[in-house]
Amino acid sequence: METKMPVLRHPTVDDGAQIHQLIEQCPPLDLNSTYLYLLQCTHFADTCLVAEIDGEVAGFVSGYIKPGASDTYFLWQVAVGQALRGQGMARKMIDAVLDRRACQGIKHLETTITPDNEASWALFKAFARDRKAGLEGETFFTTDQLGGEHSPEQLVRIGPFEAFA
Ligand SMILES: CC(C)(COP(=O)(O)OP(=O)(O)OC[C@H]1O[C@@H](n2cnc3c(N)ncnc32)[C@H](O)[C@@H]1OP(=O)(O)O)[C@@H](O)C(=O)NCCC(=O)NCCS
């Protein structure tokens, strides 16, 4: 069956509950409270994006401009529903959010990745490759800092890059 083209748009307050459900279905992502996703849909909406198909949230990227570093986008979570994976949707969402007005002047992307998340490493290595940008990693949060039952989070910094044509 042919996959419908998703609409990529900023989230609104009405998306919070569906975003929560999507993240719940996307391990190994940490599931945050609906309240947190509602904040992303309101205060941080300009730097977040949903992919909507037939009224359903099928993908989500959250992030913000890093405090004290106006040229750096910190990507918090990116999730694509199982049915849409492997079709370039995560890349399209990241490119689209960086293309929005709120991200003008962004030259670096930072995110954190656990060592065993192969799909996430592949996604961000592909992003760095296509933007012809360097990729550096260092430990950001250790297992102890994360409460003892969580893989360490590696901080990945990609850049500098120019706007994507
Ligand atoms: C990670 C995730 C967002 C990728 O979404 P996606 O739409 O399938 O990714 P894309 O199709 O845009 O792929 C981007 C690149 O990553 C590669 N990739 C994606 N998933 C992969 C996997 N499971 N194994 C190996 N490579 C993978 C693709 O081949 C592509 O590389 P290419 O340009 O060299 O071909 C999705 O698997 C997901 O939601 N996972 C659960 C949540 C998560 O771990 N999020 C990331 C941490 S915040």
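Of all residues being part of a helix (DSSP H, G or I) and open to solvent by 80 Å² or more (accessible area, probe 1.4 Å) in segment 82-133, which is farthest from ALA69 (Cα to Cα)? Just the residue, please.
ALA83
Taking the condition assigned to a strand (DSSP E or B) and among the acidic types (Asp, Glu), does GLU162 pass?
When the stated conditions are applied, GLU162 does not pass them.
Could you grab the pairs with beta carbons closer than 7 Å, sequence gap of 6+ or different chains, first residue in segment 39-62 and charged (D, E, K, R), second one outside any helix (DSSP H, G or I)?
ASP46/HIS10; ASP46/ARG100; GLU52/PRO6; GLU52/VAL7; GLU52/ARG9; GLU52/ALA58; ASP54/LYS4
Would you be able to tell me the number of residues in segment 106-149 that are out of contact with any strand residue (DSSP E or B) (no Cβ under 8 Å at 6 or more places or on another chain) and either charged (D, E, K, R) or farther than 24 Å from GLY88 by Cα (or both)?
The total comes to 12.
Looking only at segment 1-27, which residues are more than 19 Å from ILE94 (Cα to Cα), within 12 Å of the ligand (Cβ to nearest atom) and in contact (Cβ under 8 Å) with a residue 24 or more places away in the chain?
THR3, GLN25, listed by residue number.
What are the residue pairs meeting all of these: first residue in segment 131-145, first residue at positive phi, second residue surrounded by 12 or more Cβ atoms within 10 Å (Cβ to Cβ), Cβ atoms under 8 Å, and 6 or more apart or on different chains?
From segment 131-145, the pairs are LYS132/PHE161.
Name the residue that is nearest to the chain's Cα centre (by Cα), counting only residues in segment 43-81 that are open to solvent by 10 Å² or more (accessible area, probe 1.4 Å) and β-branched (Val, Ile, Thr).
VAL78
Can you list residue pairs whose Cβ atoms sit under 8 Å apart, with the first residue in segment 97-124 being under 18 Å from GLY59 (Cα atoms) and in contact (Cβ under 8 Å) with a residue 40 or more places away in the chain and the second being open to solvent by 30 Å² or more (accessible area, probe 1.4 Å) and more than 16 Å from the ligand (Cβ to nearest atom)? Count only pairs 6 or more apart in sequence or on different chains.
LEU98/ALA163; ASP99/ALA163; ARG100/HIS10; ARG100/ASP46
The values are calculated or read from the model by the stated rules, or taken from the named source; none is laboratory data. What you see is a predicted model; the values in this text were computed from it and never measured. Virtual Cβ from ideal backbone geometry, glycine too; neighbours counted across all protein chains shown. Note: areas computed on protein heavy atoms with side chains; ligands, DNA, RNA excluded. Shrake-Rupley method; radii C 1.70, N 1.55, O 1.52, S 1.80 Å.
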